[in-house]
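Notes follow the structure.
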Amino acid sequence: AQTVTQSQPEMSVQEAETVTLSCTYDTSENNYYLFWYKQPPSRQMILVIRQEAYKQQNATENRFSVNFQKAAKSFSLKISDSQLGDTAMYFCAFIYMEYGNKLVFGAGTILRVKS
Amino acid sequence: GAVVSQHPSRVICKSGTSVKIECRSLDFQATTMFWYRQFPKQSLMLMATSNEGSKATYEQGVEKDKFLINHASLTLSTLTVTSAHPEDSSFYICSARDMGTGAFFGQGTRLTVV
C-alpha cells in the first residue's frame, strides 16, 4: 500500500512554544526518502526538511527537527520556538521508489500559531 | 534550494478549449517530474509521473487523453488539459526531482474553466 497518514487535521500552538506534528507511512521498502513540506496561504510548497531512511540520525533544520522511527514507520516534525510565520498547512510526503519514484502526500495538518 | 518555475499562475479558459501549463527546473536537471491537482484545503493528489524522454505514468482514474503530459527535456515538462470543462477547474502543481533526494515545487496554476 502507498499510504501516508497524518492523524491531526488541525493544531494550534502559542507563539514561542513547541509543537509536534505526527506522520506515519506504510512501506515494505528499506531505502526511501521522507519529507515535510509547508504550504502557506500563497499555496507555494516549501520544503521544510528531508530524511533519508538509511540515515539513523534525525534531520534538523534550524527550528525544525524530525523524530524518525524506522521500525515504527513514524516521521514526526517538531517545530521549536513557533513563529506566526509558521502558520500553514504541513504535509508529510514519501517517495515510493518501487512505484516509479512516486512522491505521495499525507492529508495535511493545518497549523495555527497564535500570538 | 532548487528553483522550479511554473506558468501561467492563473488561467481562465472557455469550456471546450485546451490549456497548456509549463513546468521548468531553472537551475538543475529534473530526472522526474510530478503533476498534482489540489482542491481547497485538501492534499495534493498525484496525477502522473513523467520521466524525461519517456511516456508519463498516470495514476488510476486520471484520463491520459484529457491530461496530456510531455517531458521533452531534463528541464521542461508540460501538462495540457484538453477540451477543458468546468469540473477541470482546480489548482495544478508540478514538482521536479533532482538527482539527489530533493523534490521541488512550482508556484502552481489556478485553472478556471467557464
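A quick yes/no check of all residues on (1) surrounded by 21 or more Cβ atoms within 10 Å (Cβ to Cβ); (2) in contact (Cβ under 8 Å) with a residue 12 or more places away in the chain; (3) among the charged types (D, E, K, R):
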{"residue": "B:V4", "(1), (2), (3)": "yes, yes, no"}
{"residue": "B:K20", "(1), (2), (3)": "no, yes, yes"}
{"residue": "B:F34", "(1), (2), (3)": "yes, yes, no"}
{"residue": "B:V62", "(1), (2), (3)": "no, yes, no"}
{"residue": "B:L76", "(1), (2), (3)": "no, yes, no"}
{"residue": "B:D88", "(1), (2), (3)": "no, yes, yes"}
{"residue": "B:A103", "(1), (2), (3)": "yes, yes, no"}
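For the stretch A:13-22, does any single residue satisfy the condition of being away from chain B (no Cβ under 14 Å), more than 16 Å from A:D86 (Cβ to Cβ) and among the hydroxyl-bearing types (S, T, Y)?
Within the stretch A:13-22, one or more residues are away from chain B (no Cβ under 14 Å), more than 16 Å from A:D86 (Cβ to Cβ) and among the hydroxyl-bearing types (S, T, Y).
How many of the residues making up the stretch A:66-75 are surrounded by fewer than 18 Cβ atoms within 10 Å (Cβ to Cβ) and either touching a residue at least 60 places away in the same chain (Cβ under 8 Å) or assigned to a strand (DSSP E or B) (or both)?
Residues in the stretch A:66-75 being surrounded by fewer than 18 Cβ atoms within 10 Å (Cβ to Cβ) and either touching a residue at least 60 places away in the same chain (Cβ under 8 Å) or assigned to a strand (DSSP E or B) (or both): 3 in total.
Here are A:A71, A:A53: which of them is within 11 Å of chain B (Cβ to nearest Cβ) and over 20 Å from B:Q38 (Cβ atoms)?
A:A53
Looking at (1) assigned to a strand (DSSP E or B); (2) out of contact with any Lys or Arg (no Cβ under 8 Å at 6 or more places or on another chain), can you tell me which one A:G85 breaks?
(1) is the only condition that A:G85 fails.
Just need a number here: residues in the stretch B:90-101 that are surrounded by fewer than 19 Cβ atoms within 10 Å (Cβ to Cβ) and in contact with a Gly (Cβ under 9 Å, 6 or more places away or on another chain).
The total comes to 1.
Looking only at the stretch A:91-115, which residues are more than 11 Å from chain B (Cβ to nearest Cβ) and surrounded by 20 or more Cβ atoms within 10 Å (Cβ to Cβ)?
A:L111, A:V113
Quick check on the stretch A:23-47: of everything there that is assigned to a strand (DSSP E or B) and buried (at least 20 other Cβ atoms within 10 Å of the Cβ), which residue is farthest from the other protein chains (Cβ to nearest Cβ)?
A:Y25
Scan A:K73, A:K78, A:K38 and give me the residue that is of a type in the set (D, E, K, R), within 14 Å of B:S43 (Cβ to Cβ) and under 13 Å from the mean Cα position of the chain (by Cα).
A:K38
Values quoted throughout were computed directly from the atomic coordinates according to the rules given, and no laboratory measurement underlies them. From a predicted model like this one, the values you see are computed outputs, not experimental measurements. Note: ideal-geometry Cβ built from the backbone for every residue, glycine included; neighbour counts use all protein chains shown.
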